[in-house]
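Bear in mind these aren't lab numbers, they're just calculated from the coordinates by the rules spelled out. Quick caveat: nothing in here was measured; it's all calculated off a predicted structure. Counting neighbours? That spans all protein chains shown, and the Cβs are built from the backbone with ideal geometry, glycine included.
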Amino acid sequence: MATNVVIGAQWGDEGKGKVVDLYTEFADMVVRFQGGNNAGHTLVVERDGELEKTVLHLIPSGILHEDTRCVIASGVVLDPGVLIEEIEGLRAQGYSVEPDQLVVAENASVIMPYHQTLDVARESDDSQQKIGTTGRGIGPCYEDRVGRRAIFARDLTDEARLRRKIGSNLAEKNQILSSMGADTYETDELVERCLEWGEQLEPFVVDAGRLVDEAVQRDERVLFEGAQGTMLDIGHGTYPYVTSSHTTSGGVCVGAGIAPRDIGGVVGISKAYCTRVGRGPFPTELDNEAGEHLREVGNEFGSTTGRPRRCGWVDVAGLRYAHRVNGFSGLAVTKLDVLSGLDTVKICVGYTDEDGKRYDQPPSDPDLLEALDPVYEELPGWEDDITGVRVLEDLPDAARQFLNRLETLLEVPIVLVSVGPARNETIVVENVYH
Ligand code: GDP
C-alpha cells in the first residue's frame, strides 16, 4: 500500500508541515482530511537561491510541488474566504494553483460568518467554559454538521438551496447571537457572499472522495496530512481542551472516505520536546529557564495566532498513548536542534499521583492527568550546532543517546530527524515511500 498518514503525536505544531513537504516530493497526491484554517503550516523552501517562507492554513503544503494533486477532503471545514486568499497569495508568489492541482470536496462543510462570530462570542463570554480556540468558527461549523444543518461547498453555487439553508440556520443562530450581545446576520447578505465565493471556487469543487479512492486503488503514492495533534482529538484528546475533529489516524477513513485497509504507514511527528497552545493539562510544562530556552530558540509562537506556546520536556508516556490510538509505523522527531545548548535534557517516562501510583500513559480523565507529576529520566545535553548534520552518525553522542532512548522507550522506529526549519536540514533515516 503506497499510502502514508502524517499525524501530530502531541498537541499540534510538531512541524508536520515540513515533514509533509518532504514526503510530498515522493507523493502523487496530498490530502487534508480534518480541521480547518486553525492549522498553520510554515514552510521554508529554497527558491532561486533564497529561503522563502510560506504559511498555509488550509491548502495542503503539497501545493508547492507543481505535479502533486492536493485535496481538501469532506472531513475539513472550509472557510471559502481564507481558501480564496490562499490561492491568490500562492499565485502572487508565482506558484500555479489550478483545478488539476487543487480540489475541494463538494461535501466539505462551509464555515459561515455566524460560526466565527459565535466562536469569538463564546470565548469572550464569562459564563462559558473557555477552550482557547483560534476563534475561526471551526467548532461551531462542526456542530452544525453533526446537527445536520451544514452548508456544503457544492451549495455555494445554488441560490435556492443557500436561501433555504441560511434562512433556517439564521432563525436559530440570530437568537443565540443576540442573546450573547453579538452581531446578527441577514439572509440576503450571506446568500450574496456565498454566491461570490461559489463563483470563484466552482472549478475546484468536485467529488473528492471518488478521486482519492481512485488514486489509492491505482496504487498511487497518497499522503494524508493531519492537522493539530493526537492529544487534541475530539474523542481521544484531553477533552474539553481539544479541537472539534478527529486528528488521529482513524480520522483519515471518515474524513477522506477511504477504507481502513487502504492505510499503509502512519508516521507520528513529535518534537524533541513538547508544546501546547491554549488551556488544558500539560504534565511536562516548564516554567523556568529551560522552558524559556525552548520557547525562544524554538520560536514557539503560534503561526496562526502569534500566541506564545507553553513549552516542556518530551513526554514518552503521552507518545505511548499516541502510538496506542494511531498505530505508528514510524516516528519523526523534529526540532532536535532546539535542544542544543542545554546542560541536561529530560524525557518524561511516566507519571505518579500523590500516593506514588505510577502511570505509563495518560489516564483518560484530563482532570486526573492535571493532578499527576511527571517522572523524568535525565540525560546529558550537547553544545554543538547540529543543523548541518545529515546522518545520525554525525550527531554528538549525547544527541544520539537521546534519540536512542526515545526509540527504546516508545518501541517505534525513528524514520526521520529534523535539525532545522529548512527542507534540507533533515536526517532521513528511512524513506517511508521507498
Ligand atoms: P505544524 O503545524 O505541525 O506544521 O507546525 P508549525 O508549522 O507550527 O511549526 C513548525 C515550525 O517549526 C515552523 O516555523 C518550522 O519552520 C519550524 N521547524 C520545523 N522543523 C524544525 C526543526 O527541525 N528545527 C527548527 N529549529 N525549526 C523547525
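When the chain is treated as a GNM with alpha-carbon contacts under 10 Å, the residue of 271, 346, 53 showing the greatest mean-square fluctuation is 53. Footprinting exposure proxy ranking of 134, 184, fewest other C-beta atoms within 10 angstrom first, gives 184, 134. Near residue 378: Cβ cut-off under 14 Å, other residues only, Lys/Arg at +1 and Asp/Glu at -1. The net charge is 0.
Charging the Cβ of each Asp and Glu at -1 and of each Lys and Arg at +1, and nothing else, the dipole of the range 109-204 about its Cα centre rounds to 440 debye. For the range 178-236, GluC sites (Glu not before Pro) meeting the loop criterion (DSSP other than H, G, I, E, B) and having at most 12 other Cβ atoms within 10 Å: 186. Each label was represented as a point 7 Å from its Cα along the Cα-to-Cβ direction; for residue 285 and residue 411 these points are 3.1 nm apart.
GNM on the chain, alpha-carbon springs under 10 angstrom: the most fluctuating residue among 379, 58, 368 is 368. The amide H of residue 265, built 1.01 Å from its N in the peptide plane, has 3, 4, 5 as neighbours under 5 Å, considering only residues 5 or more places off or on other chains. When the chain is treated as a GNM with alpha-carbon contacts under 10 Å, the residue of 80, 203, 362 showing the greatest mean-square fluctuation is 203. Annotation: amide H-H contacts under 5 Å for residue 104 (H modelled 1.01 Å from N, sequence separation of 5 or more, or interchain): 72, 205, 206.
Fewest neighbouring Cβ atoms within 10 Å first, the residues 65, 246 line up as 65, 246. Lys-Lys pairs in the chain that are eight or more residues apart or on separate chains and whose Cα atoms lie under 28 Å of each other come to 19. Counted residue by residue at 0.36 nm each, then reduced by the alpha carbon distance between them, the extension gain from residue 385 to residue 195 reaches 63.1 nm. Net length available on complete extension from residue 163 to residue 148 is 3.8 nm, with 0.36 nm assigned per residue and the Cα-Cα distance removed. Take 382-393, 66-77, 99-110, 252-263 and order them by the average number of nearby Cβ atoms within 10 Å per residue, most first; the result is 66-77, 99-110, 252-263, 382-393. Going from the fewest other Cβ atoms within 10 Å to the most, the residues 11, 197, 313 appear in the order 197, 313, 11. Here the range 193-341 carries DSSP beta bridges of which approximately 55% are antiparallel, counting only pairs with both residues inside. The stretch between residue 186 and residue 210 holds 5.1 nm of extra length on full extension. This uses 0.36 nm per residue minus the Cα-Cα distance.
Placing +1 on each Lys and Arg Cβ and -1 on each Asp and Glu Cβ, with no other charges, gives the chain a dipole about its Cα centre of roughly 1000 debye. DSSP bridge analysis restricted to the range 293-434 gives an antiparallel fraction near 75%, rounded to the nearest 5.
When the chain is described by a simple charge dipole with +1 on each Lys and Arg Cβ and -1 on each Asp and Glu Cβ, the residue from 316, 332, 208 located farthest towards its positive end is 208. Selection among 264, 175, 54 by position relative to the dipole of the chain gives 175 as farthest towards the positive end (Cβ unit charges, Cα centre). Backbone phi angles across the range 50-56, fed through the Karplus curve with coefficients 6.51, -1.76 and 1.60 (θ = phi - 60°), yield HN-Hα couplings of 10, 7, 10, 9, 10, 10, 10 Hz in residue order; Gly and Pro are listed as x.
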